[in-house]
Amino acid sequence: MKKNYKNFIYTILIIGAVFTVSSCKKFVELGAPPTQIGFDDAFKTDASAQSVVMGIYSQSSAAVNGFLTYVTFYPGISSDDVQYNGTDAGIQEFSKNALLSTNSFVNNTWGNIYQPIKNTNNAISGITASTTLTASTKAQLLGEVKFLRAYFYFYAVNLFGDIPLPLKDDYSAFENAALPRTPSAQVYEQIIKDLTEAQAVLPTTYAGTFRGRANKHAATALLARVYLYQKDYANAEAQAAQVISTGTYSLPAPELAFINNSNEIIWQIGNTTGVSVPGNGYVSAAASIPVYSLADGTYQSFESTSDLRRANWTSAKTLGGKIYYSITKYKIGSGTGNEYNVALRLAEQYLIRAEARAQQNNLSGAKTDLDAVRLRAGLAGVSPTLTQAQMLSAVEQERKMELFGEWGHRWFDLKRTNRANAVIGSLKPTTWKATSVLYPIPDAQRLINTALTQNLGYN
C-alpha cells in the first residue's frame, strides 16, 4: 500500500525550502506553493529528500514556540541557573519547582519534542525504503536523521524520565498513539544505537556551511555526553577524546565562541535571520528588564572578577533599584545577525573527558582537560594536589560557569549526579520536593493516550 502523508511532507518541504545556513543569503523568497506530494514521492530524488531533512532541522529553531525555547529556558529556570523576571504564572511554576500537570508550557515542551521525533521516524522510513536516492545521499541523510532522533529523545528522557518510544512512521499512527512509557534505560539504549549508526555513515566533513548539519564528529560528541550521563566513563572519555583529537576544533576567546563561524562549534542549528533563540530570550534593550537573566547566585559564583566569561558572557544593569545580570553569550536579540543556535561545542567535550577521567581516578588527565577550559577563561589551572572528590567538585563548578544558560545543562547535571535535592532543595525549601527532578506527564497527553502513567508527585 502506498503511503501518502501529504500534510507532513508538504509542511516539511516548505520549511526545508526556507531554511538556509548560507553566508551570502539569509532570506529566501518563496513563490506559489508547490503541489502537495505524497510520502513516497518525497524520497524519490536527492533534492526532495534533502528538503525533508532540512525541514526537521528548521522546525527546532523557532524563536518563540519551538523545541529550543522549551529545552533552553525552562530547564534553566528549574535549576539555580536562569532567573525568570516575568509574570506568567505558568513559567513561575518552573521557578518554584512546583509544576502542575496542567501546565501548558510542559505540554508544549512535550509536543515540541515529539513532533520532530514523529518527523524523524517518517524520514527514516522514507529514506530507508527509497530505491532512487544516490547511495552517498541516502547514507548521509539517514545518519543525520538518526542523529536528530537521538538528540530529541535525549531531551525527552531527561525531562520526563520514562517516556513512550515510537520508532515507526505515521503508517503506524494508531499504534504509536497508544504506546505506554518505556523505561529510561531502554530509551538510552535506543539513543546510543541511533548515534553509533549515525557515526558509522556520517562523513567527517560538513555538508553546507557554518556546521549547521550533523557530521560524524557531532554524533561522537553527543555520544560522549550520553555515555557520561549513563556513567559509562570509559566510553565517555573515549568518545570525547575522538572529538578533541581531530584538530578540527579549538577554543577561541569567549567573545568569539558563539558567532556562527566560531571554530569551537561542533554543531549548531541554523536560522534564517542570524538571531539565535537564546539571544532572542536573553538580550534586552538597555532600559528593559530581561525576561530571562542569570541567577544572582550563579553570577556570584564566578571565581574571580578576571574570569573572561564574567566579562564577556554577562552584563549587569540596575533597573528599579534591582541588579539584573544579563546573559550575553549571544549578543544579538532581534533583527539580523551572525549567530545561530550552538548545540555542541568543544568546551563541553573537555569537561566531559575531565569528569570521566576523574571518575576513573586519572586526576592528572582530568586536570589537563579542566585547565584547558579555565585557561581560555583567563584563570589559572586547578591545584595538582586535588583529591578525586575535590576534582569532581571542581568539574561540577566549571560546568556551571561554562555552560550556564545553555540547553538545560545545569538542571541535567544536578539530576544525573543526585545533587538536585541538596542544591535546589536548599534554595527553594518550601516548594521543592524530591519528585520535582522530573516534569509531570502532561494531563493533555494522558487524555489522548490512556496508557501513559504519571510521574510520582503529580497525582
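For the reader, a short list of remarks on this structure follows.
- For region 270-278, 3J(HN,Hα) computed residue by residue from phi via the Karplus equation (6.51, -1.76, 1.60; θ = phi - 60°) reads x, 7, 8, 10, x, 10, 7, 5, x Hz, glycine and proline entered as x.
- At 1.567 mPa s and 4 °C, Stokes diffusion of region 305-355 via Kirkwood alpha-carbon radius, µm² per second: 95
- The charge dipole of the chain, taken about the Cα centre with unit charges on the Cβ atoms of Lys, Arg (+1) and Asp, Glu (-1), comes to about 60 debye, rounded to the nearest 20.
- The base-10 log of I(q)/I(0) for region 392-459, evaluated at q = 0.12, 0.18, 0.27 Å⁻¹, reads -0.43, -0.79, -1.16 [Debye formula, identical scatterers on Cα atoms, solvent excluded].
- The charge dipole of region 198-269, taken about the Cα centre with unit charges on the Cβ atoms of Lys, Arg (+1) and Asp, Glu (-1), comes to about 200 debye, rounded to the nearest 20.
- All alpha carbon pair distances within the chain were sorted into 20 Å bins beginning at 0; the resulting P(r) in whole percents reads 25, 60, 16, 0.
- For PRO252, net neighbour charge (Lys/Arg +1, Asp/Glu -1) across residues whose Cβ lies under 11 Å away: 0
- Anisotropy class of region 144-205 from Cα gyration tensor, a/c 1.5 cut: oblate
- Helix 104-129 axis, angle to the chain major axis (alpha carbon atoms, nearest 10°): 50
- Whole-Hz ³J(HN,Hα) from phi, Karplus 6.51 cos²θ - 1.76 cosθ + 1.60, for region 407-419, glycine and proline x: 6, x, 4, 5, 4, 5, 5, 5, 6, 6, 9, 6, 9
- The percentage of C-alpha pairs in region 358-441 whose separation is greater than 15 Å is 63%.
- Residues whose amide H lies under 5 Å from that of ILE266, counting only those 5 or more places away or on a different chain, are LEU344, ARG345, LEU346; hydrogens are built 1.01 Å from N in the peptide plane.
- Cα Rg, Dmax, region 188-261, angstrom units: 13.2, 37
- Quick note on region 50-101: its Rg to Rh ratio, both from C-alpha atoms and Rh being the Kirkwood radius, is 1.12.
- Against the empirical 2.2 N^0.38 Å (N residues), region 275-393 has a Cα radius of gyration ratio of 1.26.
- Protection proxy ranking of 389-400, 167-178, 219-230 - average other beta-carbon atoms within 10 Å, highest first: 219-230, 389-400, 167-178
- Computed over region 89-228, the Cα gyration tensor eigenvalues convert (square root of 5λ each) into semi-axes of 29, 18, 14 Å, ordered from largest to smallest.
- Helix 6-18 and the longest principal axis of the Cα set of the chain meet at an angle near 60°.
- Normalised alpha carbon radius of gyration of region 350-397 [divisor 2.2 N^0.38 Å]: 0.96
- The residues packed around GLU355, meaning those with a beta-carbon under 10 Å from its beta-carbon, carry a net charge of -2 if Lys and Arg are +1 and Asp and Glu are -1.
- Between 0 and 90°, nearest 10: helix 233-245 axis offset from the chain longest Cα axis: 80
No lab work stands behind these numbers, since they all come straight from the coordinates. All values reported here derive from a predicted model rather than from experimental measurement. Because the Cβ atoms are built from the backbone with ideal geometry, glycine has one as well, and the counts that use them run over all protein chains shown.
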